[in-house]
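The values are calculated or read from the model by the stated rules, or taken from the named source; none is laboratory data. This one's a predicted model, so the numbers in the text were calculated from it and none came from an experiment. Glycine gets a Cβ as well: all are built from the backbone with ideal geometry, and neighbour counts include every protein chain shown. We work out accessible area using only protein heavy atoms, side chains counted, and drop any ligands, DNA or RNA first. Shrake-Rupley method; radii C 1.70, N 1.55, O 1.52, S 1.80 Å.
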Amino acid sequence: MTRGRSLALRWGVQVAMALPLAILVGRWLMMAGGVSPLDAGLTAEPVAETINRLGLWALRALWLALAITPLRRLTGWAWLAPWRRPLGLWAFAYGCIHLLVYFVLDQGAAFDLLWADVVKHRFILLGMATWLMLLPLALTSTRASIRRLGGRRWQALHRLVYPAGGAAAIHFILRVKGFQIEPWIYAGLLLTLLGMRMVPRRRIKV
């Protein structure tokens, strides 16, 4: 793959992942301008809808990041490798905004209310655990961190992405009311991605 095409694909990933956030910001700006939440496309409960959309995009970005290595192994497409880091960082970014909107707009930035909600709802505890597991991965995502930690320790640390994915999947399942198929589809996709990692590695042509 040419350098120009590779650069275009990387920017394409960045734009694609930023677009849902930009749309959400645009909808909130519409409400700030006097448009009703329904007309702005955020339902009658805009805060809850925003939290849900942010969480869903955090999940999607994380799943896409997890899909890079299995796809490379199955296809030999080495050009996929540079996408893993930005997708992982977007997953963390969406998770941070998801948590921030929940804490500030839903809980009024009150730590006592937050603690009461964590104690009452297991899915919130799992969401917090997911964010805490992704935090060190985001902080050590640079090449300098790999050199500082050493390859083996860095890889061992970044295996936290797997329990983080599992916690995120369970968080989604417990978050919805009653039985809904969507969170189980995401859980099934995660199991599929983890299973694909067991497929023998193909020789990758650079």
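Pull out a ≥ b ≥ c, the square roots of the eigenvalues of the alpha-carbon gyration tensor of the stretch 98-155, then state rounded if a/c is under 1.5, prolate if not and a/b is larger than b/c, and oblate in the remaining case.
It is prolate, given that a/c is not under 1.5 and a/b is the larger ratio.
Dipole size in debye (nearest 20) for the chain around its Cα centre, Lys and Arg Cβ +1, Asp and Glu Cβ -1?
1820
If DNA, RNA and ligands are ignored and the probe is 1.4 Å, what is the ranking of 97, 181, 124 by accessible area, most exposed first?
Correct descending sequence by accessible area is 181, 97, 124.
Kirkwood Rh over Cα pairs of the stretch 1-153 into Stokes-Einstein at 25 °C, 0.890 mPa s: D in µm²/s?
139
Report the FRET efficiency, 1/(1 + (r/R0)^6), for residue 143 and residue 184, where r is their Cβ-Cβ distance and R0 is 30 Å, rounded to 0.05.
That gives a FRET efficiency of 0.20.
Could you sort the peptides 160-168, 45-53, 14-22 by per-residue average Cβ neighbour count (10 Å cutoff), highest mean leading?
160-168, 45-53, 14-22
Given N residues in the stretch 66-206, what is its alpha carbon radius of gyration divided by 2.2 N^0.38 Å?
Ratio of Cα Rg to 2.2 N^0.38 Å: 1.20.
Return the distance in nm (one decimal) between the two label points of a simple spin-label model at residue 123 and residue 9, each offset 7 Å from Cα along Cα→Cβ.
Computed distance between label sites residue 123 and residue 9 equals 3.6 nm.
Any idea what the dipole of the stretch 78-145 comes to, in debye rounded to 20, about its Cα centre with Lys/Arg Cβ at +1 and Asp/Glu Cβ at -1?
Using only the charged Cβ atoms, the result is roughly 380 debye.
From the residues 16, 139, 44, which one has its Cα farthest along the dipole of the stretch 12-163 in the positive direction, the dipole being from +1 and -1 charges on Cβ of Lys/Arg and Asp/Glu about the Cα centre?
After comparing all options, I get 139.
Sequence gap at least 6, Cα distance under 8 Å: using those rules, report the relative contact order of the chain to the nearest whole percent.
Relative CO of the chain lands at 24 percent.
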